[in-house]
Amino acid sequence: MKLKYLVTLLFALLLGTQLLTAGTVSGKVAGAGAGTVVWVDDPSAKAEPPSKPLVMDQKGLLFVPHLLVVPVGSTVEFLNSDNVQHNVFWTGIGGNKKLGHNLGTWPKGEKRSFKFDNPGVVSLLCNVHPEMSAYIIVVPSSLHATTDANGEYTIQNVSDGAHTVTVWREGMKQQSKQVNVSGATKADFTLSK
Amino acid sequence: MRIKSQALWIVMLLAVFCPVLSHGIPAFSRQYQTSCTTCHLDFPKLNDFGKAFKDAGFKFPSDDASFLKIPQVMLGAPAQKELFPHTIWPGAIPGALPVSLRMNTFFQKTGGNRGNFGSLVPAGTVPPFIPKTDFSAGLFSIFTAGNFGSDIAFWVDDDISIAGQNGNGGLGDGYLRFVNVGRIFKLPTDSLHLRAGRFELDLPFTQARSINISPYDIYTQSNIGAVTTGFAQQNVNNLFNFAGGSNGVEISGGHMYGGYHYSLAIVDQNTSGVGQGANTSPFVPSPTGGSNGGVGFASDANFKDLYTRFSYRFNLERDKASRNAVQAAGATGPRDHTYLNLGTFSFYGRSVQRFSGTDLSGTPIVLTTREPFYRAGADFSFNYRTFNIYGLFMYGHDTNQLPVDITGTLVPLPLGPTSAPVGFIHGTPATFTGGFIQTDYLVLPWMMAIMRWDAVNSGQDRINGLAQSTSTPFVLPFRSTRNRFTPGVQFLIHANIKASFEYQFRPQQSVTVITNPITGLPVAVQPFRTNTAVTALEWVF
């Protein structure tokens, strides 16, 4: 019986320690409004892919949505809702050209799936309609956020320590910086083209 | 003689340097917010989707409204149809003015023989100077197209600067096309369309919207009979050719991107080349209602010409999944099917010539001869992925009706003021043959390699050249058969900007004619070629 209480006490202490060391990273991204993606590269944080595949649709000669943020390991279904054929390909992931892939071409109503096992920015293209464009941001964990209309963001449950915070916005240069997280930590960015 | 020399230079310059028209439609890009390459391989050459878009009346073949980023403006609620005939049938106009513009500019280099024609100028006259290299402005064109609802499509294009600085423009095509009117008669879908206005005939391969810088020789071939003394003369002066637009109506059916396709057009006859503005009467009203001519008349005779075309495209696509789609699916995006298209075309008309003559009693009258003529040919097109080889062969035939005097003797040609014909008899027909074969290979999505061979065989052109006549379709040809080889390459700098290069190995010509001491007939010697290299920059927006 004593052993049972002892274990419970130890577990509570461990949990408390963990909660005490989990911080928050927040800040403002200047030069951008809503829709800027921010993520923290925290090795201790786990990615939690959704149980159901996310959907990237092609409708009216547009990718819908234009921006999709998914944890690494997620599966995305690429659907064609148009009455014309579409193609989906990307030339690399996170700048790694070796991860480029072409899913092929398919007609209305059909879809193709792909599991993203590597983090990074995926620039989606359709070689039938070169004007079509969308992005999938494969983030390394669930520690990510999207800025609000004021360009502000908050990411919770970041463990204390030195982490890399990365900011991405379409048309802007991606930025990363080392941030020593300790409780509520501020990390502001200024994006440029 | 001076006028003759000037005409020679004008004809030569037009023949060598006159660029063909070509159009892409940025207005559609704006409305659908899609790239030119959705419909074009190397603008203005259409891919299969572009052909389907055109067939459908400048609409997406299905679900058009879902693709339009700028909705059409309704000219009546769709429910108004229920009230018809007590209301106007509801239509629509494009939500944004579908106007597009096009400009091109050229740089050309002409071979060293360009100065040879100076010898034709009379002694004491300074011949025109033709430079070795030259920058020249091309055409600035405006064009608009779209759909008015109820499957009524429209197209208008006009070359604003065709006559040079501050010059008058020239209308290209301007028509309304009633797509699928066969539904009124419960005919199968797409089996009957109606087009009215001014349009390029439904040629196997378009001249007006060709990717080439220079036109196809066979399309610009008129039929001018031989009139050189010493040879069998022909009274044929038919300026009709396929390069120009026609005014009339056309019915058509089927699809250009697969299966059967036919068209039948009834168009104005104008073989004398008279301009519409010049063909007027102060006593007869024209369509504008003006008492003294209005816009004038486009015909020069009562007869209407008839053009027919039929083709069938065999789908050789091996990918079963996409054989029935507009385009085949590939790992790198849709591509045109593998296909073989075979077709035939014909044109029938009457070349009308009028002369001052007399009747059998010697009373002055206007003599009219209506010489039937026809053009007939066949064409093919084979496509494998990004490689396309196509061509056509054409035969031209003009009945030759020779003027005779009251004694039944042939009156020497050309007829002069003192000639006194009283009638006509059949002579040897004036015929010609020719065609072209072209290969287009899309090496990369932005680079098209082209090889083309044009050939025209016209004995009468060569004979007229011996008299150094400048009124023939090709000036002073050395041989009856004129071969031209034209390699080219085109680069899409952007989807709407193109740089084109073309080198023309042109047919031989001659300006030196001697008399054969044995036959006593003239014979051309010292042939030469005026090869040219042309670079074009073209942009549409």
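The values are calculated or read from the model by the stated rules, or taken from the named source; none is laboratory data. None of these values were measured; they are calculated from a predicted model. As a convention, Cβ positions derive from the backbone with ideal geometry for all residues, glycine included, and neighbour counts pool all protein chains shown.
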- Note on the structure: Within segment B:468-483, the residues that are charged (D, E, K, R) and surrounded by fewer than 23 Cβ atoms within 10 Å (Cβ to Cβ) are B:Arg479
- Within segment A:23-53, which residues are within 12 Å of the chain's Cα centre (by Cα) and free of Cβ contacts under 8 Å to residues at least 40 places away in the same chain? A:Pro49
- Message: Suppose the filter is among the hydrophobic types (A, V, I, L, M, F, W, C), touching a Phe, Trp or Tyr at 6+ places or on another chain (Cβ under 6 Å), touching a residue at least 60 places away in the same chain (Cβ under 8 Å) and surrounded by 17 or more Cβ atoms within 10 Å (Cβ to Cβ); does B:Val352 pass it?
- Response: no
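Results for (1) in contact with a Phe, Trp or Tyr (Cβ under 8 Å, 6 or more places away or on another chain); (2) over 19 Å from B:Ser458 (Cβ atoms), shown as yes or no for each residue.
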site: B:Gly377; (1), (2): yes, no
site: B:Arg385; (1), (2): no, yes
site: B:Asp398; (1), (2): yes, no
site: B:Leu413; (1), (2): no, no
site: B:Ile425; (1), (2): no, yes
- Does B:Asp379 meet the test of being charged (D, E, K, R) and out of contact with any Gly (no Cβ under 6 Å at 6 or more places or on another chain)? no
- Note on the structure: Every listed condition ((1) closer than 26 Å to B:Asn113 by Cβ; (2) touching a Phe, Trp or Tyr at 6+ places or on another chain (Cβ under 9 Å)) holds for B:Thr439 save (1)
- Query: Only one of these conditions is not met by B:Ala325: (1) under 21 Å from the mean Cα position of the chain (by Cα); (2) within 14 Å of chain A (Cβ to nearest Cβ). Which number is it?
  - Reply: (1)
- Query: B:Tyr257: hydroxyl-bearing (Ser, Thr, Tyr), within 14 Å of chain A (Cβ to nearest Cβ), in contact (Cβ under 8 Å) with a residue 60 or more places away in the chain and crowded, with 21+ Cβ neighbours inside 10 Å, yes or no?
  - Reply: yes
- Message: Filter segment B:35-63 down to the residues that are facing chain A (nearest Cβ under 10 Å), out of contact with any Ser or Thr (no Cβ under 9 Å at 6 or more places or on another chain) and in contact (Cβ under 8 Å) with a residue 12 or more places away in the chain and list them by number.
- Response: B:Thr37, B:Ala52, B:Pro61
- Task: Out of B:Val411, B:Val404, B:Val422, report the one residue that is without any contact (Cβ under 8 Å) to a residue 12 or more places away in the chain and in contact with a strand residue (DSSP E or B) (Cβ under 8 Å, 6 or more places away or on another chain).
- Result: B:Val411
- Message: Any residue in segment B:330-343 that is more than 7 Å from chain A (Cβ to nearest Cβ) sitting within a Cβ distance under 7 Å of a residue that is assigned to a loop (DSSP other than H, G, I, E, B) and among the hydrophobic types (A, V, I, L, M, F, W, C)? List the pairs, counting only those 6 or more apart or interchain.
- Response: B:Thr338/B:Leu316; B:Tyr339/B:Leu316; B:Leu340/B:Leu316
- Task: Name, by its number, the condition in (1) over 12 Å from B:Ile152 (Cβ atoms); (2) touching a Ser or Thr at 6+ places or on another chain (Cβ under 7 Å); (3) modelled with pLDDT of 95 or more that does not hold for B:Phe205.
- Result: (2)
- Message: Step by step: first the residues of segment B:32-85, then only those that are in a helix (DSSP H, G or I) and of a type in the set (Phe, Trp, Tyr), then the one that is nearest to B:Pro98 (Cα to Cα). Which residue is that?
- Response: B:Tyr32
- Message: Among the residues in segment B:279-289, are any surrounded by 15 or more Cβ atoms within 10 Å (Cβ to Cβ), over 20 Å from B:Arg354 (Cα atoms) and away from every other protein chain (no Cβ under 14 Å)?
- Response: yes
- Query: Are there any pairs with C-beta distances below 7 angstrom linking a residue in segment A:96-107 that is facing chain B (nearest Cβ under 7 Å) to a residue that is of a type in the set (S, T, N, Q) and surrounded by 16 or more Cβ atoms within 10 Å (Cβ to Cβ), with the two at least 6 apart or on different chains, and if so which?
  - Reply: A:Gly104/A:Asn87; A:Thr105/A:Gln85; A:Thr105/A:Asn87; A:Trp106/A:Asn80; A:Trp106/A:Gln85; A:Pro107/A:Asn80; A:Pro107/A:Gln85
- Residues (of a type outside the set (Ser, Thr, Tyr) and surrounded by fewer than 18 Cβ atoms within 10 Å (Cβ to Cβ)) located in segment B:183-193: B:Arg183, B:Ile184, B:Phe185, B:Lys186, B:Leu187, B:Pro188
- All strands (runs of 3 or more DSSP E) inside segment B:482-541 with 1 or more residues being touching a Phe, Trp or Tyr at 6+ places or on another chain (Cβ under 8 Å) and closer than 18 Å to B:Ile450 by Cα: B:497-504, B:532-540
- Query: Which number in (1) over 15 Å from the mean Cα position of the chain (by Cα); (2) part of a loop (DSSP other than H, G, I, E, B) marks the one condition that B:Leu203 misses?
  - Reply: (1)
- Item | Complete set of residues in segment B:412-450 that are within 21 Å of the chain's Cα centre (by Cα) and surrounded by 17 or more Cβ atoms within 10 Å (Cβ to Cβ) | B:Thr431, B:Phe432, B:Thr433, B:Gly434, B:Gly435, B:Phe436, B:Gln438, B:Asp440, B:Ile450
- Message: Out of A:Gly171, A:Gly161, A:Gly120, I need the residue that is of a type outside the set (Val, Ile, Thr), more than 14 Å from chain B (Cβ to nearest Cβ) and touching a Gly at 6+ places or on another chain (Cβ under 6 Å). Which one?
- Response: A:Gly120
- Message: With the requirement that a residue be out of contact with any strand residue (DSSP E or B) (no Cβ under 9 Å at 6 or more places or on another chain), modelled with pLDDT under 60 and surrounded by 10 or more Cβ atoms within 10 Å (Cβ to Cβ), what does segment A:18-45 give you?
- Response: A:Leu20
- Do we have any residue at all in segment B:91-106 that's more than 14 Å from every other protein chain (Cβ to nearest Cβ) and closer than 30 Å to B:Pro527 by Cβ? yes
- Message: Within segment B:309-319, does at least one residue satisfy the condition of being at pLDDT below 85, farther than 20 Å from B:Thr206 by Cα and within 14 Å of chain A (Cβ to nearest Cβ)?
- Response: yes
- Query: Looking at this structure, is B:Arg484 touching a Lys or Arg at 6+ places or on another chain (Cβ under 7 Å), within 17 Å of B:Asn212 (Cβ to Cβ) and in contact (Cβ under 8 Å) with a residue 12 or more places away in the chain?
  - Reply: yes
